Ligand SMILES: [Zn+2]
(Lines give C-alpha, C1' and ligand atoms only; values in the text may rest on other atoms or scores of the structure.)
Protein backbone atom coordinates (compact mmCIF):
# COMPACT_ATOMS: atom_id res chain seq x y z
CA UNK A 1 0.00 0.00 0.00
CA UNK A 2 1.29 3.44 -0.90
CA UNK A 3 -1.09 5.45 1.23
CA UNK A 4 -0.05 9.02 1.87
CA UNK A 5 2.35 9.40 -1.05
CA UNK A 6 2.20 12.70 -2.93
CA UNK A 7 0.77 11.16 -6.12
CA UNK A 8 -2.35 10.00 -4.27
CA UNK A 9 -2.85 13.51 -2.93
CA UNK A 10 -2.53 15.18 -6.33
CA UNK A 11 -5.01 12.78 -7.95
CA UNK A 12 -7.54 13.59 -5.26
CA UNK A 13 -6.86 17.30 -5.61
CA UNK A 14 -7.22 17.14 -9.39
CA UNK A 15 -10.58 15.39 -9.05
CA UNK A 16 -11.73 18.00 -6.57
CA UNK A 17 -10.56 20.84 -8.80
CA UNK A 18 -12.32 19.40 -11.83
CA UNK A 19 -15.53 18.93 -9.83
CA UNK A 20 -15.32 22.47 -8.49
CA UNK A 21 -14.61 23.76 -12.00
CA UNK A 22 -17.70 22.01 -13.35
CA UNK A 23 -19.84 23.54 -10.59
CA UNK A 24 -18.49 27.05 -11.26
CA UNK A 25 -18.99 26.72 -15.04
CA UNK A 26 -22.58 25.48 -14.69
CA UNK A 27 -23.30 28.30 -12.23
CA UNK A 28 -21.97 30.82 -14.75
CA UNK A 29 -24.04 29.24 -17.51
CA UNK A 30 -27.22 29.43 -15.46
CA UNK A 31 -26.40 33.04 -14.64
CA UNK A 32 -25.95 33.80 -18.33
CA UNK A 33 -29.41 32.35 -18.94
CA UNK A 34 -30.71 34.47 -16.05
CA UNK A 35 -29.18 37.54 -17.69
CA UNK A 36 -31.19 36.81 -20.85
CA UNK A 37 -34.38 36.73 -18.79
CA UNK A 38 -33.35 40.02 -17.27
CA UNK A 39 -33.07 41.68 -20.68
CA UNK A 40 -36.51 40.44 -21.67
CA UNK A 41 -38.21 41.37 -18.39
CA UNK A 42 -36.12 44.32 -17.21
CA UNK A 43 -39.01 46.16 -15.53
CA UNK A 44 -39.62 43.54 -12.87
CA UNK A 45 -35.98 43.34 -11.77
CA UNK A 46 -34.54 45.93 -9.40
CA UNK A 47 -31.10 47.23 -10.47
CA UNK A 48 -29.51 46.05 -7.22
CA UNK A 49 -30.04 42.41 -8.19
CA UNK A 50 -28.24 43.05 -11.48
CA UNK A 51 -25.28 44.49 -9.58
CA UNK A 52 -25.25 41.52 -7.25
CA UNK A 53 -25.21 39.17 -10.25
CA UNK A 54 -22.32 41.16 -11.70
CA UNK A 55 -20.38 40.85 -8.44
CA UNK A 56 -21.09 37.11 -8.31
CA UNK A 57 -20.05 36.74 -11.93
CA UNK A 58 -16.72 38.47 -11.21
CA UNK A 59 -16.24 36.20 -8.20
CA UNK A 60 -17.00 33.07 -10.25
CA UNK A 61 -14.62 34.17 -13.04
CA UNK A 62 -11.77 34.71 -10.63
CA UNK A 63 -12.54 31.37 -8.94
CA UNK A 64 -12.39 29.72 -12.37
CA UNK A 65 -9.01 31.36 -13.04
CA UNK A 66 -7.76 30.09 -9.67
CA UNK A 67 -8.92 26.56 -10.44
CA UNK A 68 -7.34 26.65 -13.92
CA UNK A 69 -4.12 27.96 -12.41
CA UNK A 70 -4.06 25.13 -9.89
CA UNK A 71 -4.70 22.56 -12.65
CA UNK A 72 -1.82 24.06 -14.67
CA UNK A 73 0.48 23.86 -11.66
CA UNK A 74 -0.56 20.24 -11.12
CA UNK A 75 0.28 19.46 -14.76
CA UNK A 76 3.59 21.34 -14.54
CA UNK A 77 4.53 19.53 -11.34
CA UNK A 78 4.95 22.63 -9.17
CA UNK A 79 1.63 22.35 -7.40
CA UNK A 80 1.78 23.00 -3.67
CA UNK A 81 4.70 25.42 -3.93
CA UNK A 82 4.20 28.93 -2.61
CA UNK A 83 4.30 31.40 -5.50
CA UNK A 84 5.80 34.07 -3.26
CA UNK A 85 8.53 32.41 -1.17
CA UNK A 86 8.78 29.04 -3.05
CA UNK A 87 8.13 27.27 0.24
CA UNK A 88 5.94 24.20 0.49
CA UNK A 89 2.24 24.77 1.09
CA UNK A 90 1.15 22.28 3.79
CA UNK A 91 -1.09 19.48 2.40
CA UNK A 92 -3.68 20.27 5.06
CA UNK A 93 -3.99 23.80 3.67
CA UNK A 94 -4.33 22.43 0.13
CA UNK A 95 -7.07 20.07 1.27
CA UNK A 96 -9.02 23.02 2.65
CA UNK A 97 -8.14 25.32 -0.27
CA UNK A 98 -7.06 23.28 -3.32
CA UNK A 99 -6.25 26.35 -5.42
CA UNK A 100 -4.12 28.14 -2.81
CA UNK A 101 -1.02 29.72 -4.36
CA UNK A 102 0.52 31.05 -1.16
CA UNK A 103 1.69 29.41 2.05
CA UNK A 104 0.01 30.46 5.29
CA UNK A 105 2.51 33.18 6.23
CA UNK A 106 2.64 34.74 2.72
CA UNK A 107 -1.17 34.62 2.60
CA UNK A 108 -1.49 36.50 5.87
CA UNK A 109 0.90 39.17 4.55
CA UNK A 110 -1.16 39.41 1.33
CA UNK A 111 -4.43 39.62 3.29
CA UNK A 112 -3.07 42.51 5.36
CA UNK A 113 -2.01 44.28 2.18
CA UNK A 114 -5.52 43.86 0.68
CA UNK A 115 -7.14 45.23 3.85
CA UNK A 116 -4.86 48.24 3.88
CA UNK A 117 -5.85 49.24 0.34
CA UNK A 118 -9.50 48.18 0.55
ZN1 LIG B 1 5.22 31.62 1.10
Residue count, the range 82-99, condition within 10 Å of the ligand (Cβ to nearest atom) and surrounded by 17 or more Cβ atoms within 10 Å (Cβ to Cβ), comes to 2
Does any residue in the range 105-118 that is surrounded by 11 or more Cβ atoms within 10 Å (Cβ to Cβ) come within less than 7 Å, Cβ to Cβ, of a residue that is not in a helix (DSSP H, G or I) six or more places away or on a different chain, and which pairs are these?
-> 106/82; 106/84; 106/85; 110/102
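Kindly evaluate residue 102 against the criterion of being under 16 Å from the mean Cα position of the chain (by Cα) and within 13 Å of the ligand (Cβ to nearest atom). Explain how you work it out, then say what you get.
Numbers: under 16 Å from the mean Cα position of the chain (by Cα): yes; within 13 Å of the ligand (Cβ to nearest atom): yes.
The answer is yes for residue 102.
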Residue 73 passes all but one of the listed conditions (1) within 16 Å of the ligand (Cβ to nearest atom); (2) closer than 25 Å to residue 28 by Cα; (3) modelled with pLDDT under 90; the exception is number (3)
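Hey, does the range 37-53 have a residue that's at pLDDT below 95 and under 18 Å from the mean Cα position of the chain (by Cα)? Break it down stepwise before answering.
Going through the range 37-53, the residues at pLDDT below 95 turn out to be 37-53.
When the remaining residues are screened for being under 18 Å from the mean Cα position of the chain (by Cα), the result is 53.
Yes: one or more hits.
The values are calculated or read from the model by the stated rules, or taken from the named source; none is laboratory data. Fair warning: this is a prediction, and the values are worked out from it, not measured in the lab. Backbone-built Cβ (ideal geometry, glycine too); neighbour counts: all protein chains shown.
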